[in-house]
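The values are calculated or read from the model by the stated rules, or taken from the named source; none is laboratory data. Computed from a predicted structure; not experimentally measured. Cβ placement follows ideal geometry from the backbone for every residue including glycine, while neighbour counts extend to all protein chains displayed.
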Amino acid sequence: MFFVVVRGIATNIIDEMNLQGGNVKICVTSEGHDLDSKVDPRFGRCSYFIFVDTDTGKYETVKNPNLEETGGVGIRSGKLVVEKGVEAVISGNIGPNAFQALSAAKVKTYTVSSGTIREVVEKFKRGEFEESNSPTVNPRFNPER
């Protein structure tokens, strides 16, 4: 399962899933293809999505097919993440369209300012993040412009 943080604390999700006997799957936006890569500050236009099973530590890397698209990337990237079955998403920022898509699918979202995927996953497992309750940037956010 994957998740995006909307409201709440990460450990609540993990505890709830463990009680139900399921694995917790999260998605972290990444600048690279492995756990030692940095978190990407963008959601819809991140370079990669890394899907991590927080119980086993196994992960899957997916190159973002929406990276070069001209519009609607937040919604399309949100759909991709939801289809992977995540319960939470961790990214540098999440725009309003992506936030709405993820929230509608009951995916929780969390935002971080820096770190590697490995560091962020460990912090998430320790419950160090608070769930986001709104988008963190305006539409069409791109820190490279």
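Exactly one residue out of Ser30, Ser47 is surrounded by 18 or more Cβ atoms within 10 Å (Cβ to Cβ) and farther than 18 Å from Pro135 by Cβ, and it is Ser30. Against the conditions (1) more than 12 Å from Val28 (Cβ to Cβ); (2) touching a helix residue (DSSP H, G or I) at 6+ places or on another chain (Cβ under 6 Å); (3) modelled with pLDDT of 95 or more, where does Ser103 fall short? Just the number, please. Only one criterion in (1) more than 12 Å from Val28 (Cβ to Cβ); (2) touching a helix residue (DSSP H, G or I) at 6+ places or on another chain (Cβ under 6 Å); (3) modelled with pLDDT of 95 or more is unmet by Ser103, namely (2). If Val89 passes every condition in (1) in contact (Cβ under 8 Å) with a residue 60 or more places away in the chain; (2) more than 12 Å from Phe43 (Cα to Cα); (3) in contact with a helix residue (DSSP H, G or I) (Cβ under 8 Å, 6 or more places away or on another chain) but one, which one does it miss? All conditions pass for Val89, except number (2).
For Ala104, state whether it is free of Cβ contacts under 8 Å to residues at least 24 places away in the same chain and farther than 21 Å from His33 by Cβ.
Working: free of Cβ contacts under 8 Å to residues at least 24 places away in the same chain: yes; farther than 21 Å from His33 by Cβ: yes.
Yes, satisfied.
Candidates in the stretch 73-85 are the residues that are closer than 22 Å to Asp34 by Cα and in contact (Cβ under 8 Å) with a residue 24 or more places away in the chain; of these, the one that is surrounded by the fewest Cβ atoms within 10 Å (Cβ to Cβ) is Gly85. With respect to Arg45, determine if the residue is of a type in the set (Lys, Arg) and more than 13 Å from the chain's Cα centre (by Cα). Considered against the rule, which asks whether it is of a type in the set (Lys, Arg) and more than 13 Å from the chain's Cα centre (by Cα), Arg45 comes out as no. Considering Thr116, Thr109, Thr70, the condition of being crowded, with 24+ Cβ neighbours inside 10 Å and either over 22 Å from Lys38 (Cβ atoms) or of a type outside the set (A, V, I, L, M, F, W, C) (or both) is satisfied by Thr109 alone.
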